[in-house]
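First up is the structure itself, then whatever we jot down about it.
The values are calculated or read from the model by the stated rules, or taken from the named source; none is laboratory data. In this text, all values refer to a predicted model and were calculated from it rather than measured experimentally. For neighbour counting, all protein chains shown are included, and Cβ atoms are generated from backbone atoms with ideal geometry for every residue, glycine included.
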Amino acid sequence: MTWKCLIFGNAARPKAKFKVWLQMQNMLLTVDRLNKWGIQVESKCSLCQREEETRDHLFVECDYTKTVMQKLMHWTQNQNIIAATWEQHVYELIKRAKGKTKEAQLFKRYILK
């Protein structure tokens, strides 16, 4: 399955779709990437202040993100995404966003913002 279904045919704002594209390409400016480029910034996650900020941490491992995602899933009447890795997380996102059903469109619009 391809992640492009998360962007194309999505009624979310262009800014949100661009961020999803960056995220899927592993091009988000996370702290670990900035540090690799020699830009010194605090390495702790700005949301939980516990672990190093990486893409995997921000979207899969962070307790704060998990709480927000749980609430969004409950609000949209979706089952919570439980993933141990970035790849599993993306697979679940694609599975739920695929298709033209009302549920898939709402998922893409509100969850992927």
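Please work out if CYS45 is crowded, with 17+ Cβ neighbours inside 10 Å, at negative phi, in contact with a strand residue (DSSP E or B) (Cβ under 8 Å, 6 or more places away or on another chain) and touching a residue at least 12 places away in the same chain (Cβ under 8 Å).
On the way: crowded, with 17+ Cβ neighbours inside 10 Å: yes; at negative phi: yes; in contact with a strand residue (DSSP E or B) (Cβ under 8 Å, 6 or more places away or on another chain): yes; touching a residue at least 12 places away in the same chain (Cβ under 8 Å): yes.
Yes: the conditions hold for CYS45.
Let me confirm something: among VAL90, VAL60, VAL68, VAL31, which residue is within 20 Å of LYS19 (Cα to Cα) and touching a strand residue (DSSP E or B) at 6+ places or on another chain (Cβ under 8 Å)?
Working: VAL90 fails: touching a strand residue (DSSP E or B) at 6+ places or on another chain (Cβ under 8 Å); VAL60 fails: touching a strand residue (DSSP E or B) at 6+ places or on another chain (Cβ under 8 Å); VAL68 fails: touching a strand residue (DSSP E or B) at 6+ places or on another chain (Cβ under 8 Å).
Exactly one residue qualifies, and that residue is VAL31.
For LYS113, indicate whether it is modelled with pLDDT under 85, out of contact with any helix residue (DSSP H, G or I) (no Cβ under 7 Å at 6 or more places or on another chain) and closer than 18 Å to LYS4 by Cα.
no
What number goes with the only condition from (1) in contact (Cβ under 8 Å) with a residue 24 or more places away in the chain; (2) assigned to a helix (DSSP H, G or I) that LEU28 does not pass?
Failing condition for LEU28: (2).
Can you confirm whether THR67 is among the β-branched types (Val, Ile, Thr), more than 20 Å from ASN26 (Cα to Cα), surrounded by 14 or more Cβ atoms within 10 Å (Cβ to Cβ) and over 12 Å from the mean Cα position of the chain (by Cα)?
Spelling it out, it is not the case that THR67 is among the β-branched types (Val, Ile, Thr), more than 20 Å from ASN26 (Cα to Cα), surrounded by 14 or more Cβ atoms within 10 Å (Cβ to Cβ) and over 12 Å from the mean Cα position of the chain (by Cα).
Mind checking which pairs have a first residue in segment 61-80 that is more than 17 Å from LYS102 (Cα to Cα) and a second that is assigned to a helix (DSSP H, G or I) and modelled with pLDDT under 80, Cβ under 7 Å, 6 or more apart or different chains?
Sorted first by the residue in segment 61-80, then by its partner, the pairs are ASN80/MET73.
I need the full set of residues from segment 70-81 which are exposed (fewer than 14 other Cβ atoms within 10 Å of the Cβ) and either within 25 Å of LYS44 (Cβ to Cβ) or among the aromatic types (Phe, Trp, Tyr) (or both), in order please. Reasoning before the result, please.
Keep residues of segment 70-81 that are exposed (fewer than 14 other Cβ atoms within 10 Å of the Cβ), which gives 70-71, 74-75, 77, 79-80.
Passing the criteria: GLN70, LYS71, TRP75.
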